[in-house]
Every structure is written in structure tokens, then in C-alpha cells.
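Here's the structure, in C-alpha cells; my notes come after.
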Amino acid sequence: MTHPANHKISAVNDFVIKFANVNGSGSASANELFAKAILRMGVPVSPRNIFPSNIQGLPTWYEVRVNEAGHQGRRGGTDMMVAMNPQTWDADVAELESGGYLFYDSTRPLPPSKFREDIHVIGMPLTEICNAVYQDPRQRQLFKNIVYVGALAVLLGIEPEVIEKLFSEQYKGKEKLLDSNVRALHLGCDFVRENLAPGTVGLQVKRADRVGKRIFVDGNSAAALGCVYGGATVAAWYPITPSSSVAEAFQRYCSKFRVDAATGQQRYAIVQAEDEIASIGMVVGAGWNGARAFTATSGPGVSLMTEFIGLAYFAEIPVTIINVQRGGPSTGMPTRTQQADILSCAYASHGDTKHVLLFPQDPHECFEHAATALDLADRLQTPVFLMTDLDIGMNQRLCEPFEWDESKAYDRGKVMTAAELEAGKEFGRYKDVDGDGIPWRTLPGTHPTKGSYFTRGTTRDPYARYSERGPDYIYNMERLLRKFASAAKLVPPPVEQAAAKKTDLGVIYFGSTTPAMQEALQVLEAEEGVHVDAMRLRAFPFPDSVAQFLAEHSRVFVVEQNRDAQMRSLLVNELGVSPEQVVAVLHYDGTPITARFIVRAIVERVKGKSPPPAARPQGQPEPPQPLVTPMK
């Protein structure tokens, strides 16, 4: 059944399709199969799973952006909605672009008031088809998902053979499951061929060669593999969404790469602790003992860990913390994304503390930065945060292949050896001997009589002896500042992109905002005539080039995904930049930021008006307004 509409969206390898399902219905694997099939046809995709924090019953969405040009950020808007959830029907229908397509289960008729006149409606009696073929209620539900994938394959031009190949890989050695899934797939394919005219949907997938050697992986798995590559042998963690799969992936990779081939001995330790406090305590202990150790958590976990983080900062113990950020505060939105832990991590713990933060843009940098974080933690003898988030961590993304160098040498920093101690080299655990603020350390058991010291969280002199003298405290605190300044020269530098024309406008962004920002920059220049120089931050403390970028521009937008403009605050606080110069563009509803949102926010600020909106039917809700903080 189809309902006609005047205008039809037509596009090849450039559209957004969104699946609206019920959590626990088995739809996730079918929707992922759909995305991977397009990818196998050489067309880049960027899927995002938007799911509730319960186990079953609440709404879940799976958005797939198909874009041959390679844009991987959320575009904004939906061209085709696969509406499988009655609970969210009205909102799902309202979200469609005018001229878009609504695909739904038409087994139970719906009144005309449930549709829109400006969209194309494609009804398929999925429940009726599955009830006629399958007897088991669970099979009816599960295979209904595969049936609609088959129907979409024909409607959109996806080759069914590609999907069958994916099935054969997934169910290798399980022929019964393979055959049943292929059968369900063809139920959907055959229905469309027999009942719907060719060209019903103007969105099409055509084979291309735009994927190349890129890999398809989620950020959590990439970070875990980066920890293996970076030499981590100890992980202690407590389960928390959205970071749990980091430790789980680390365990899988360690069982492959950290087991002695001759003896079968495991050369790693992974502990699921009783809580976050215990897990960070174990990691601090392992780091003190010389192991490369990390924990993976999210915002609430960092809140609990702050006292131990302060200890590691003041006692100068290498620790790596992977923070997969989510919506906060408190429990917040466990399955939504934000960049809202910037300040809480930069200054974690009481007193005067400053911590190194790394901001990966994609899974490739999750891999690279995880290994870098372990090096920096050793080199600087301090906690280092890898600041990813749910959007990067739990969604698969196309990225460049990881580079694995078997000859990689780990940077352990200033570790004094037994030979150096025996030769009479002076050892002052907290003494700055060369002006970079980084002292020498020894590992337990280095020498039987030399190089030992008392590790404490209280004040001490340069030789680790307890002291409450003001000059000793000031010496230590100022040395820590020098060490932090040294860190600015060691962290990954920012990436700059000059506008096509000279401009006094700049934009600073970081992390998961990157894909949408890169697309927004193109739209701003090509369609709005707004030229903006861009800088992507990759780390804190900020290298000198950040202050230079700010000095070269009269206005700089800071695009981030939190309410309180945390990165803007960090720039103002650390670099002394005038607050009037730095304009925050804020997005924090829990969904990943879109290119449309960024363009609208910047155009409003530069031109004093919004770009013309896409046609929207009467009764459809307005999209959320971009929040641009006033200059104050």
C-alpha cells in the first residue's frame, strides 16, 4: 500500500534513514546488517544507535547516514523513517523531511490522520506475513526485522547477495540459522517485487568505491586495542554505561596478544572491582609498582574516583583513565552523549590540580591516543584522561586503519636504574633537576639499599621527607606547574584548517563534534559565504598555538556539547582570553550535534539571521534552537 505525495526526495548514495523500534525486539542486529550491506557496496555509512537505559520495552532508534562524499557527522533531518514503534509514531512521522518516505507495518490499518500529506507512505503487512510463516512468537518478532531489511534492499537498490554474504559470515557453521535468515530476507524482497512498482522510493544505493582501506569499528574497541598496543598489562574497572565494553574488548585482545605462546601464561591482569573507588585504587597501585595500568569509566565514576586521582597527581603516579562521557549530572542520561566532563576532569580532586586531557575525534584517534596516554602518564608521572564519549565509543565509524609497529618502544620517562644508583647518581624523588618539573623516580625493588622513598599524599620536601614548611610546599606546587607546562609541549598538537579567504572569524572544536563541524565548514563557505578558520583541539594543556590562534581572530566560536560552555571556560581560565572574544555554541540534548545546527548557530551570530529553513508542514514541531551564549 502506498499513499502518494507531490514532491519526492530523490538522491543516490546521499540520504538519512532512521529505524524506530522497541528496545529488546532484536532490531539492533538487523539494522546493523542493513548499514553494513551498504558499506560492502563501497558506499560510506555512519550509523548511530540511540537506545534507552533499560533492558526492554522503551523506544530505540538507529539512524544511518548514507553519504558517498564521506560525511560522518549527523546531518539533521530524516529522509526515510522505518516506523516500527507505535509509542513514538507521531514524533517519528513529524521528523520526516517533506517529500520523504514512511515505511511501516500495515497489518493493522491506521486512520488518515496518522499520516502527512507531504510524505510518501509505504505500508507492508509485516506482522501478517510473519504470522503466516512462523509459529513461534519470538521467531515472528525476530524475523520481522529481517523481512523489512529484505524489503528495503529492493526499494533502495541494495544487492540481496551482499546481505546473504554477511549472513554466511555471521552464521558460519550454523546452517539452520543461515537458511532461516536468508528465507526471511527473501520474504521481504519478494513482497516488494510483487506488490510495489519500481521507483517507489527515490532514494537509491549504487555501488561505488569510496570506502577504500578504511575500517569500520567503534571507539571503545579501538581504545582497548590502543591500550594493548601502548603496553597496558593491568586494567581495573567497574561496569558503567557507556564504557563497559572498553574493558571487555581489552580482555578479548589480551587473550590474543598477551598470552605466552610457549607456556600459555597470561601476561595481564584484569579486575572487575566492587566499585569505581576500588578500581582506581588498584590502577594507582599498579602504576606505582611500574605496570602500565588503566581504568575505563564515565562521569559518575570519575566523581567517585577524584580522591584517588588527587593522590596520583600529588604523589606523581602514572595512571590512565578512559572517560567515555555521557549525559549528566548524577545518573543523568546513561545512554546519551555529551562532552560535559571537561572541567571535572581537568581539575579533578580538591585543591590545586590540573590534569592532562586527550580528545580523540574518531576510533582511529581512540587507538592512537590510548597508546599516547600511557606514554604520557609514564613520562609525566601523572594521571592522563582519554576523553571520548558515547557517540564515538559505542557507534561504529569508518576510519583509517590502525598502524601497528612491532618495534614500538615505550616512553617510560625518568626512571632511575640500579646501575645509576650504584654509580652514585643523586636521587631526590620530587626534585626538579633539569627545569622541566618532572622528577626522577625509581620502581620498587630497583636497588636493595638505594633509591627508596616514602610515597605519601601529604606535603614533603624534594627528597620525599615529610614537611609542613611553606617553602617546601610552594616548591612542590610550582614544580608541578612547570611539569604541566612541559606537558603542553608533549601532548598531541591541535589541527588547524584555514578558510578559503582571509577572515577574522575562528572556530574551535574537539572530539566527537569533529565530523559535523567539518561538514558545517564546507556549508558555511559554499552556501552561506561565511569564511571561518578552524582549529581542532586534541589535548589539554593547550599548546602555544592555541593562544596564537585566539590572538589572530577577533571572534572565535567554541562548539561543544554541554550546557555550561566548559571548553570555553577552560580557554578563558587557562589562557586569559577575553570572554567577549569567545562565543560558545552549545548543543546538549543528548543526541550528537549536527552540521545544520552548527551552521544555523554561526550564521545567526555572523549575519544576525537564520539561514532559510527546509520546508516544514503545518503542525510539525520546530527543531531545537541553537544555543549561542551571549558575549559577556
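Between the listed residues Pro329, Ala83, Val283, the Cα displaced farthest toward the positive end of the dipole of the chain, a dipole computed from Cβ unit charges relative to the Cα centre, is found at Val283. Ordering Tyr171, Ile593, Met124 by the projection of their Cα atoms onto the charge dipole of the chain, which places +1 on the Cβ of Lys and Arg and -1 on the Cβ of Asp and Glu, puts Tyr171 at the extreme positive end. Expressed to the nearest 5 percent, the antiparallel share of DSSP beta bridges inside the stretch 1-130 is 55 percent. For the peptides 413-420, 361-368, residues were scored by their other Cβ atoms within 10 Å and the scores averaged per peptide; the highest-first order is 361-368, 413-420. On a per residue basis, the chain carries 41 Å² of accessible surface, using protein heavy atoms and a 1.4 Å probe. Given that just one value was derived from the coordinates, which of (1) 34.1; (2) 31.8; (3) 37.8 is mean projected area of the Cα convex hull in nm²? From the options (1) 34.1; (2) 31.8; (3) 37.8, the structure gives (2). Relative contact order for the chain: 12 percent, from Cα pairs under 8 Å spaced at least 6 residues apart, divided by residue count.
Counting only Cβ charges, +1 for Lys and Arg and -1 for Asp and Glu, the dipole size of the stretch 310-415 around its Cα centre is about 400 debye.
Please state the shape class of the stretch 310-368: rounded when a/c is under 1.5, otherwise prolate if a/b exceeds b/c and oblate if not, all from the C-alpha gyration tensor. Cα axes put the stretch 310-368 in the oblate bin. A probe of 1.4 angstrom, applied to the heavy atoms of all protein chains, finds Met394 with accessible area near 80 square angstrom. Accessible surface of the chain, 1.4 Å probe: 52 percent of it comes from carbon and sulfur atoms. In the chain, the calculated helix contribution to ellipticity at 222 nm averages -11500 deg cm²/dmol per residue, counting -39,500 (n - 2.57) for every DSSP H run with n ≥ 4.
I'd like to know which of Phe402, His355, Leu386 lies farthest towards the positive end of the charge dipole of the stretch 342-429, counting +1 on Cβ of Lys and Arg and -1 on Cβ of Asp and Glu. Positive-most Cα among the choices belongs to His355.
In a simple Cβ point-charge model (Lys, Arg +1; Asp, Glu -1; nothing else charged), the chain has a dipole of about 340 debye relative to its Cα centre. Peptides 203-210, 587-594 ranked from most to least packed, by the mean per-residue count of other Cβ atoms within 10 Å: 587-594, 203-210. Using a cut-off of 12 Å between beta-carbons, work out the net charge of the residues near Lys489 (Lys and Arg +1, Asp and Glu -1, Lys489 not included). Overall, the nearby charge balance is +1. By its C-alpha gyration tensor, with a ≥ b ≥ c as the square roots of the eigenvalues, how is the stretch 210-313 shaped: rounded for a/c under 1.5, else prolate for a/b larger than b/c, else oblate? In terms of gyration-tensor shape, oblate.
The values are calculated or read from the model by the stated rules, or taken from the named source; none is laboratory data. A quick note: this is a predicted structure, and the numbers were derived from the prediction, not measured. All Cβ positions, even for glycine, are placed from backbone atoms using ideal geometry, and neighbour counts span all protein chains on display. These accessible areas exclude ligands, DNA and RNA; they are computed on the full protein's heavy atoms, side chains included. Shrake-Rupley method; radii C 1.70, N 1.55, O 1.52, S 1.80 Å.
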